[in-house]
Amino acid sequence: MQEEGRLQGKEKGRQEGREEGREEGREEGREEGREEGRQEGGALVLLRQLELKFGPVSEAIRQRVLAADAALLLRWSEKVLTVDSLDEIFD
């Protein structure tokens with residue numbers, strides 16, 4: 001009887017652990033999705049700013065912007081306001 005209770009307790013613990021792991025995984029996935037959305041949105045805004053100020057951008061610049069992280073995109077977006085050329089942004 002005591003052994004049966006111990007086994008049931010272990011199984012219950014495993015089930016609770018699996019559920020907790022699934023919930024943590026879902027939350028991590030949501031956070032990754034939010035970060036990707038911020039990065040993608042920042043890249044699109046920066047590309048639009050660049051095109052409005054300097055005209056069409058090269059494919060190399062487009063790819064560089066799309067590959068940048070959110071912090072770098074923010075720095076570049078701020079520079080757009082004060083520079084006179086694309087080179088000044090990406091130096």
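The values are calculated or read from the model by the stated rules, or taken from the named source; none is laboratory data. Because the structure is predicted, anything quoted here is derived from the model rather than measured. For neighbour counting, all protein chains shown are included, and Cβ atoms are generated from backbone atoms with ideal geometry for every residue, glycine included. For accessibility, only protein heavy atoms count, side chains too; no ligands or nucleic acids. Shrake-Rupley method; radii C 1.70, N 1.55, O 1.52, S 1.80 Å.
Order the following by accessible area, largest value first: ASP69, ASP84. Probe radius 1.4 Å; ligands, DNA and RNA are ignored. Mind dumping the intermediate values first?
Working: ASP69 90, ASP84 130 Å².
So, going from the largest accessible area down, we get ASP84, ASP69.
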Q | Residue-normalised accessible area of the chain, given per residue in Å² at a 1.4 Å probe | A | 75 Å²
Q | Dmax and Rg, reported as Rg then Dmax, of the chain (C-alpha, Å) | A | 24.2, 81
Q. What is the gain in length, in nm to one decimal, between ARG30 and LYS12 on full extension, counting 0.36 nm per residue of separation less the C-alpha to C-alpha distance?
A. 3.8 nm
**Q.** Spatially proximal lysines relative to LYS53 (Cα-Cα < 24 Å; intrachain offsets below 8 disregarded)
**A.** LYS79
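Where nothing but the Cβ of Lys and Arg (+1) and of Asp and Glu (-1) is charged, how large is the charge dipole of the chain around its Cα centre, in debye to the nearest 20?
Using only the charged Cβ atoms, the result is roughly 140 debye.
Find the relative contact order for the chain and round it to a whole percent, using C-alpha pairs within less than 8 Å whose residues are 6+ positions apart. Each step should come with its number before you reach the end.
Details: 36 pairs, mean separation 22.6, N = 91.
Contact order relative to length: 25 percent.
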(Q) Just to check I understand the Karplus step: with θ = phi - 60° and J = 6.51 cos²θ - 1.76 cosθ + 1.60, what whole-Hz values come out for the stretch 52-68, glycine and proline as x? (A) 5, 8, 10, x, x, 9, 5, 5, 5, 5, 4, 5, 5, 5, 5, 8, 6
